[in-house]
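Asker: Have a look at this one before I ask anything.
The values are calculated or read from the model by the stated rules, or taken from the named source; none is laboratory data. Computed from a prediction, not measured in an experiment: that's the story for all the values here. Virtual Cβ from ideal backbone geometry, glycine too; neighbours counted across all protein chains shown. Side chains are part of the model used for accessible areas, which takes the heavy atoms of the whole protein and leaves out ligands, DNA and RNA. Shrake-Rupley method; radii C 1.70, N 1.55, O 1.52, S 1.80 Å.
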Amino acid sequence: MRPWRPLTIASLAALLALTACSTTNKGPGSTTATVDTGTLTPPGGKHVAAGSPIKVGLINDEGGSTVSFPEIRLGTEAALKYANDYLGGLGGRPVVLDSCASKGTPASAAACANQMIADHVAAVLHGLESDSGTTAQTLMNAGIPVISTAPASAQETIGKLSFSLTGGASAFVAGLGQWMIEQHYKTSVLFALNTPGGTALYQASIAYLQRHGISSSLVLVPPGTADITPQMASAASHHPDFMWVLGDAGMCLSFMRAYQASGSSAKIGLIGQCTDSQVTDAVSLDGAIAPAYSVPLASNSEARLYRAVLAAYAPGTAPGGLAYVGYTMTLGMIRALHGMTGPVNPQTIATQMRAAKKSVLPVADGVTFTCDGKAIPPFPAPCSATIFITRLDAKGNPTVLKKLQAISLFGGKP
């Protein structure tokens, strides 16, 4: 079990965007390479990429003293190898990865951005990275499109050269809010980390629920607070219908311990790193509601393909960990650019990404994405507003209850 450390505002935003969506209770990984050619082979047969390679970048926190997410790189590498071996790469040409491990510091993130610019990459796949906003803006200023699984910063949310295949934290909050409304809850309490980077989201969440007849209050918790028993006791004394948390693993653990000690009968919702093993090893999550954009351990065809790709190209990587983040953005890019002809450069990739319609979202069951800037208004970057509402078991494994389209918290409707 990793010791919990308080996160920086930037890394918290990234974690909320990326790890709220699926269990990080890793489960078993494949220990030997097993190639399931039947699952890997697409309709129409195998198409091996050939010709001059196309260079695509990856920036992801790895090897730092406080943050490191190598599984995202492994998922990215596996998806690219699969695309080159089975899907014809990009426009029939193989894609090579120019990978840079940021170390969770502004200096290392800046160095990675500068490496991408100097290496003339055609696009950058943006994993989980602590200084994500500055990095993304630097790349976009250089004309390089930034492709991510979910927006982890304001710059990635509003950037015209940013393409985030899902809606991220605001979509999770909106989706969970819609679930509360459908359950006819009348009162709720949100527990959230007291960070300046979260203020707008928290306020929008409360205002959204108030507009829909759910009297809601906000409890702000200083980062690093291990015991929130007093705050929970105060909230529980008002007998709310629903209590929910938005935070990292430490915050989720504090919330669950205090909730279970309170004896409250309120239903609970979880957004953040709440299914991390340091949480599930300590408390039961049985019955909690959590929004997701994919369920990697499910039985649908997209989840099976994901696991087959990992088994073939990243054996030993647990499919329930963070590898799906890298896999999703990488295969999503390949699918959105399918059929691309002519020159492949930052300009043509950005144009094709913006023009792509109803591309299949990797790992998700029956979900497509369209990057026309209309998925979650008024933001141009998110490409999908689809959210799965799941119920967790004791160890954080999800069962899908419903698929819905998240309403924008900030105005407009997809």
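Asker: Only one of (1) open to solvent by less than 10 Å² (accessible area, probe 1.4 Å); (2) under 19 Å from Gln347 (Cβ atoms) is not met by Leu128, so which one is it?
Answerer: (2)
Asker: Let me ask something else about it. Would you mention how many residues in the range 291-324 are part of a helix (DSSP H, G or I) and in contact with a Leu (Cβ under 6 Å, 6 or more places away or on another chain)? Outline the logic, then answer.
Answerer: Taking the range 291-324 and keeping what is part of a helix (DSSP H, G or I), we get 301-313, 323-324.
Restricting the remaining residues to those that are in contact with a Leu (Cβ under 6 Å, 6 or more places away or on another chain) gives 308, 323.
So the answer is 2.
Asker: I'd like to check something: does the range 100-112 contain any residue that is open to solvent by 20 Å² or more (accessible area, probe 1.4 Å), closer than 30 Å to Ala50 by Cβ and in contact with a helix residue (DSSP H, G or I) (Cβ under 9 Å, 6 or more places away or on another chain)?
Answerer: Yes, there is a match, as at least one residue in the range 100-112 is open to solvent by 20 Å² or more (accessible area, probe 1.4 Å), closer than 30 Å to Ala50 by Cβ and in contact with a helix residue (DSSP H, G or I) (Cβ under 9 Å, 6 or more places away or on another chain).
Asker: Limited to the range 298-323, what total is found for residues that are touching a Gly at 6+ places or on another chain (Cβ under 6 Å) and crowded, with 19+ Cβ neighbours inside 10 Å?
Answerer: 4
Asker: Next question. For the range 339-362, what are the residues that are crowded, with 21+ Cβ neighbours inside 10 Å and either in a loop (DSSP other than H, G, I, E, B) or acidic (Asp, Glu) (or both)?
Answerer: Once the filter is applied, which keeps residues that are crowded, with 21+ Cβ neighbours inside 10 Å and either in a loop (DSSP other than H, G, I, E, B) or acidic (Asp, Glu) (or both), the range 339-362 yields Val344, Ala356, Leu361, Pro362.
Asker: A further question follows. Which numbered condition trips up Pro53, out of (1) at pLDDT 95 or above; (2) under 17 Å from Gly104 (Cα atoms)?
Answerer: Single failed check for Pro53: (2).
Asker: Return the only residue of Asp372, Asp365 being under 23 Å from Gly75 (Cα atoms), assigned to a loop (DSSP other than H, G, I, E, B) and open to solvent by 20 Å² or more (accessible area, probe 1.4 Å).
Answerer: Numbers: Asp372 fails: under 23 Å from Gly75 (Cα atoms).
Of Asp372, Asp365, the one residue that is under 23 Å from Gly75 (Cα atoms), assigned to a loop (DSSP other than H, G, I, E, B) and open to solvent by 20 Å² or more (accessible area, probe 1.4 Å) is Asp365.
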